[in-house]
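To start, the structure under review is shown below, and the notes come after it.
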Amino acid sequence: MHPPARKDYVSVTFGEQSGGKYNNSKQLRRQSCWRKWKQLSRLQRSMALFALVLLLIFGMSSYPAIHQHFRGLVGVDEEVERGGAAGLPLPPRVLLEPLKVQPEAPLRPEAPELSSQKKRSHKRGPPVLQGHQQKRGNMSDPLAVVVGGRGGGHEKKNKESNDKGGAVIKADQPSDHTKAGDNKEDSPGLPIEKTPKEMEALRLEVVRESFRHAWRGYKEFAWGHDELKPITKTYAEWFGLGLTLIDALDTMWILGLKEEFAEAREWVNSELSFNKNVDVNLFETTIRILGGLLSTYHLSGDKMFLEKATDIGSRLMPAFKTPSKIPYSDVNIGKGTAHPPRWTSDSTVAEVTTIQLEFRELTRLTHDQQYQDAVGEVARQVHQLEGKQDGLVPMFINTNSGQFTRQGVFTLGARADSYYEYLLKQWIQGGKKEHQFLEDYLQAIEGVKKNLLQKSSPSGLTFVGELSHGQFSPKMDHLVCFLPGTLALGAHHGLPDDHLELARLLMETCYQMYAQMETGLSPEIVHFNTHQGSTRDVDVKPADRHNLLRPETVESLFYLYRFTQDPKYRDWGWEILQSFNKHTKVSTGGYTSINNVRDPDFPLPRDKMESFFLGETLKYLYLLFSDDLDLVSLDRYVFNTEAHPLPIWPSDPQE
Ligand code: DMJ
């Protein structure tokens with residue numbers, strides 16, 4: 001018998017074991033390994049042992065490097081979580097350049113946005129991907145930055161609701177001017193705090209970008225028409241005079257948007273004609289078109305604007321041909337005829353007393369006395385009319401009799417608001433010489449204090465209510481929020497200090513009208529609770545829940561900041577701007593007024609961008625955030641009620 005041939009290889013046979021049943025018991029596996037080992041030749045066993053020893057030596061020598069490598073990776077992650085300490089490797093971080101605006105960067109350490117960023121960085125995963133997620137999630141659009149934390153996470157819901165309802169409001173779209181790749185904060189480390197200068201630059205740029213976005217929509221879908229309908233991507237015509245374009249001219253000038261200004265100027269020069277058979281409202285055309293053209297003339301020095309202003313001013317004059325010389329509300333600027341509304345011969349008091357700044361300035365510039373005479377006559381008559389209560393005026397005046405009608409209701413809101421504003425502003429415009437304006441203004445403010453001021457419950461917010469035939473109503477229009485700014489302006493021009501105190505209190509109230517709403521946007525009208533035990537200060541009736549992108553609160557914030565330099569007013573304005581961007585911005589261009597400020601998921605777009613959003617709201621926000629006090633100095637200019645700055649007359653008329 002021959003001994004079994006020695007094998008220099010290992011053969012492994014997978015065969016049936018345990019009677020065909022799979023048996024993977026430990027004992028069997030151990031026995032099988034030992035048997036295999038014994039079957040190896042001595043050479044084979046030596047080689048295997050040698051390889052094992054080599055492996056051990058290699059493993060022990062390279063352990064520190066591998067260990068360090070893994071520690072390093074974990075260290076990056078831990079560092080990110082801690083925000084970066086010295087000594088351990090950090091992902092590369094790009095420093096902010098002082099002059100380049102990076103609106104997507106976090107703004108202040110306590111903002112909720114920062115804590116959510118921190119949370120995100122706790123997630124395991126490649127740091128680059130986390131940075132990428134941040135960019136997509138909330139940093140690609142400077143207009144989507146949230147400071148107040150209100151309504152956070154609504155973008156997605158908005159999109160869903162838009163998908164269902166067909167509306168296209170979207171706050172998180174990338175903008176043309178800030179590409180995602182521009183983000184300098186790719187690494188999710190500690191946010192870099194901004195200097196006040198950087199903060200100013202950032203906020204100004206966000207206003208500019210908001211304006212550009214609104215303008216893009218207007219340009220694409222409503223160019224040369226009165227108002228943009230951003231949802232249906234078309235326009236609405238009111239007078240057919242390019243209302244938004246004219247209202248926005250001086251805003252573009254102030255914001256330094258030269259290209260946009262140049263193309264708008266070209267349209268005014270070559271396309272705008274007032275020789276049109278169209279009925280226009282005297283007040284609206286005066287404050288928006290005449291006021292807008294006059295202020296643009298002053299800012300730019302371009303005579304073409306003065307020519308256009310004179311053209312429209314002269315075409316409005318037929319409105320004053322009434323039995324009483326109190327003007328009709330409507331004028332046909334092509335035919336030269338005027339008439340009251342179809343249902344009444346009354347005009348509203350605010351309308352006939354809020355055209356004076358513009359017509360007076362037109363006379364000063366053209367030396368044509370007819371304009372100042374006409375509006376001066378209205379002011380003179382209203383000054384001596386009976387029917388006021390402690391300087392407060394009723395809401396209607398009759399164009400035949402020249403008397404107040406429908407008397408007994410007193411408000412600082414719709415139909416009376418800017419009467420009070422223009423008392424003060426005419427006094428300022430004329431160099432503080434026309435004392436009857438000052439007397440009427442001071443008396444009216446005392447009348448407000450005596451009859452219309454109350455405090456809400458539970459927070460004790462000071463508000464301006466209404467008086468109806470002796471009955472107080474705690475109703476306040478958003479329109480009333482012009483008052484803190486006007487009071488502060490008066491105090492700046494030497495009126496009593498308590499006007500500024502009242503301005504501060506009312507400013508807080510107007511801010512709360514935004515802050516207490518779910519969208520961070522004020523409704524058109526609120527009702528304050530005054531009875532003890534109320535749980536909330538503000539109630540809003542379903543019919544009053546709309547927001548028309550109105551300016552009054554940011555207007556007042558601008559005045560309050562200019563005169564007190566208290567940064568909280570800027571922060572409030574910043575919150576409001578972001579709420580506009582979150583809930584009213586339409587992705588395809590423009591902003592829309594909304595119907596329900598109480599529902600951030602379904603704010604119900606009204607499909608209208610009012611011209612004053614560009615003429616006033618964005619302008620006041622820009623001026624609020626700017627440190628340049630000479631940018632429309634309040635010692636040299638007085639703003640008309642549509643935010644168009646007109647010069648304060650120099651004491652020497654030759655100047
Ligand atoms: C503007 O036309 C003017 O500010 C006016 O005095 C009141 N209404 C709008 C803005 O809300």
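Take region 410-534 with all the other protein chains still there, run a 1.4 Å probe, and you get 33 Å² of accessible area per residue. Separation of region 404-421 from region 621-652 is 26 Å, based on Cα centroids. Extension gain, N277 to Q44, is 72.9 nm, computed as 0.36 nm per intervening residue step minus the present C-alpha separation.
Each label point was placed 7 Å from the Cα along the Cα-to-Cβ direction; for S300 and L52 their separation is 9.2 nm.
Once you keep just the Cα pairs under 8 angstrom separated by 6 or more residues, what percentage relative contact order results for region 485-542?
Relative contact order, region 485-542: 20 percent.
For region 310-325, the residues whose amide N sits under 18 Å from a probe point set 7 Å from the Cα of D373 along the beta carbon direction are 313-325.
The Rg/Rh ratio for region 472-615 is 0.99, where Rg is the radius of gyration of the alpha carbons and Rh is the Kirkwood radius.
Counting only protein heavy atoms and using a 1.4 Å probe, what share of the accessible area of region 588-630 belongs to carbon plus sulfur, as a whole percent?
On the way: 520 of 1110 Å².
Looking at region 588-630 in its full context, I get 46 percent from C and S.
Evaluate the relative contact order of region 554-655 (contact order divided by residue number), counting alpha-carbon pairs under 8 angstrom at least 6 apart; express in whole percent.
24
Determine, from the Cβ-Cβ distance of S473 and R598 and an R0 of 22 Å, the FRET efficiency 1/(1 + (r/R0)^6), rounded to the nearest 0.05. After rounding, the FRET efficiency stands at 0.55. Hey, with R₀ at 25 Å, roughly what FRET efficiency would D566 and D390 work out to, going by the Cβ-Cβ distance, to 0.05? Efficiency, from the Cβ-Cβ distance: 0.20. The count of lysine pairs in region 432-525 that are at least 8 places apart or cross chains, and whose C-alpha atoms lie under 30 Å apart, stands at 7. Spin-label pair E220-H435: with each label point 7 Å from Cα along the Cα-Cβ axis, the two points sit 5.9 nm from one another.
Ordering G573, Y559, A503 by Cα displacement along the dipole of region 496-613 toward the positive end leaves G573 in first place; charges were set at the Cβ atoms of Lys, Arg (+1) and Asp, Glu (-1).
Taking each residue as 0.36 nm, the span from A262 to T234 lengthens on full extension beyond its C-alpha to C-alpha distance by 7.8 nm. I need the calculated FRET efficiency for the pair K450 and K197, taking r as the beta carbon distance and R₀ as 45 Å, to the nearest 0.05. FRET efficiency, K450 to K197: 0.50.
Can you tell me the relative contact order of region 515-610? Whole percent, Cα pairs under 8 Å, sequence separation 6 or more. Write down the numbers at each step before the final one.
Details: 131 pairs, mean separation 30.3, N = 96.
Relative contact order of region 515-610: 32 percent.
By accessible area, using a 1.4 Å probe on protein heavy atoms only, region 240-377 has 46% of its surface on carbon and sulfur.
What's the carbon and sulfur percent of region 439-501's accessible surface, probe 1.4 angstrom, rounded to a whole number? Its accessible area is 51 percent carbon and sulfur atoms. Return the subset of K219/K608; K219/K258; K308/K608; K219/K585; K541/K582 for which the Cα-Cα distance in this structure is over 18 Å, preserving the input order. Where the Cα-Cα span goes over 18 Å, the pairs concerned are K308/K608; K541/K582. The stretch between K321 and N269, if pulled fully straight at 0.36 nm per residue, gains 15.7 nm over its current Cα-Cα span.
Computed with a 1.4 Å probe over protein heavy atoms only, the accessible area of H493 comes to about 20 Å². Rolling a 1.4 Å probe across all protein chains gives F283 an accessible area of roughly 30 Å².
The values are calculated or read from the model by the stated rules, or taken from the named source; none is laboratory data. Predicted model only: the values in this text are computed from it and were never measured. Cβ sites come from the backbone with ideal geometry, for glycine too, and all protein chains shown count toward neighbours. Please note that ligands, DNA and RNA were not included when accessible areas were found on the heavy atoms of the full protein model with its side chains. Shrake-Rupley method; radii C 1.70, N 1.55, O 1.52, S 1.80 Å.
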